[in-house]
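The values are calculated or read from the model by the stated rules, or taken from the named source; none is laboratory data. These numbers come from a predicted model, not from an experiment. Neighbour counts are summed over all protein chains in view; Cβ atoms, including those assigned to glycine, are modelled from backbone coordinates with ideal geometry. Surface accessibility is based on the protein's heavy atoms, side chains included, excluding ligands, DNA and RNA. Shrake-Rupley method; radii C 1.70, N 1.55, O 1.52, S 1.80 Å.
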Amino acid sequence: MTTAPPAAPPVRSAAPPVPPAPPPAGLRATARIRAAADGRGGTALPVLTGEGPLALRRTRGSGAEAGVMLVGAMSAPLGGDHLAVEADVGPGARLALASAAATLALPGRGGEPARYDVRITAAEGAAVRWLPEPLVSVRGSDLRVRTRAELAPDARLLLREEQVLGRTGEEPGLLRSRLTVVRDGRPLLDQELACGPGAPGGWDGPAGLAGHRAVGQLLVVDPRFAREAPPAAVLGEQAVVTPLAGPAVLVTALAPDALRLRGLLDAACRTYGW
C-alpha cells in the first residue's frame, strides 16, 4: 500500500506594492509675521519668516509702527499653488504690511485652481494696515483668495483690496475672492466676489461690474467710529462708502483700470483711514 505524497500548499502571489500617494500639485508656501510691543513705544518683530515665493523684508515704519514688505521671489501663484500670509499682532503693537509689486494669478499645467490665504489677528490695542499692490487675474488662471481678520474689540484695521481683471487687452481668468472680518468674536463683514469665465452669470452686467475691469475696496475698522460713524455716501461716479454694523466703514469702487482705482481708494483712505 502506497501513501500519496502530501499536497503542495497553494502558491500565493505577492500583493502588489501600494504606490506612494502622489505629492500635492503645486507649491506650498507660508509667510509668518508676529508683531509685539517692545516696551519702549515701538513694535518688535520676533517672527518674520517667508518661504518660496513669499519673502519678507522689514522696512522703516512710522512712529510706533513696524513696516514689513512682502516681496515676490518667483512667479506665483500658479494653478495648484497654495500660498498663505499669516500676521499675528499682539497687544498694543502696530504693523504696516504691504507688497512690493502686483501679484499675477497665472494658469498652471494641470488646470487646478490656486489658493491665496491671508490671515490677520489683532489683539487688544493693536493696529494693522494691510495695503498690498493689485492682484491681476491673467487669462486662463483660476484663483481663490480668502482674507480673514480676527480683531479684539479695540483693535484697528485698515485693509485695501484691488483686483484687476486681465492684463491690457486680455480677458481675465476665474477669480473668487472672500473677505471675512470677525470683531470681538462676532461677524462684522463676510462677503464674496466671483468674476471671470465660470463665475455666476451677471458678474459683468449692469448689476455687477458693468464692464469695468478694476474693482476694489477699502475697509476701515476703528473704535472712533463708535462715537461718530461716517454716513453712507457716494464718492464720485463709481465709489460708495457704507457704514457697517460696528465701528467700521467699507468703501467699494469700480474703475476702468488699476490707476484710476488706486486714485479712488487713496482719496477714501485720506478721508477715513489713518
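From Cα pairs below 8 angstrom and at least 6 apart in sequence, can you work out the relative contact order of the chain, rounded to a whole percent?
Details: 697 pairs, mean separation 31.3, N = 274.
Relative contact order here is 11 percent.
Determine the relative contact order of the range 131-274: mean sequence separation of Cα pairs under 8 Å and six or more apart, normalised by residue count, in whole percent. Working shown, then result.
Values: 306 pairs, mean separation 31.6, N = 144.
Contact order relative to length: 22 percent.
Under a point-charge model restricted to the Cβ atoms of Lys and Arg (+1) and Asp and Glu (-1), what is the dipole moment magnitude of the range 88-138 relative to its Cα centre, in debye to the nearest 20? Write down the numbers at each step before the final one.
Values: 5 positive and 5 negative charges, 15 e Å.
Dipole size: approximately 80 debye.
So, with a 1.4 angstrom probe, what is the percent of accessible area on the range 28-186 that is carbon and sulfur? Can you show the working numbers first?
Details: 3180 of 6900 Å².
That share works out to 46 percent.
Just by accessible area at a 1.4 angstrom probe, what is the order of 228, 65, 171 from largest to smallest? Spell out each step's value before the answer.
On the way: 228 140, 65 15, 171 110 Å².
These residues rank, largest area first, as 228, 171, 65.
Which residue, 173, 205, 72, has the most motion in a Gaussian network model of the chain that connects Cα atoms within less than 10 Å?
Maximum fluctuation in the GNM of the chain, among the listed residues, is at 205.
In whole angstrom, note down how far apart the Cα centers of the range 206-274 and the range 62-101 are.
Going from one Cα centre to the other spans 22 Å.
Taking each pair of distinct Cα atoms in the chain once, what is the resulting Kirkwood hydrodynamic radius in Å? List each step's numbers first, then the result.
Values: mean 1/r = 0.0486 Å⁻¹.
Computed over the chain, the radius equals 20.6 Å.
Any idea what angle helix 258-272 forms with the longest principal axis of the chain, computed on alpha-carbon atoms, 0 to 90 degrees, nearest 10?
60 degrees
Please name which of 249, 180, 44 has its Cα lying farthest along the dipole of the chain towards the positive end, using unit charges on Cβ (Lys, Arg +1; Asp, Glu -1) and the Cα centre as origin.
Of the options given, the answer is 44.
Leaving out ligands and nucleic acids, note down the accessible area per residue over the chain with a 1.4 angstrom probe, in whole Å². Let's see the in-between values first.
Numbers: 14310 Å² over 274 residues.
In whole numbers, the chain has 52 Å² accessible per residue.
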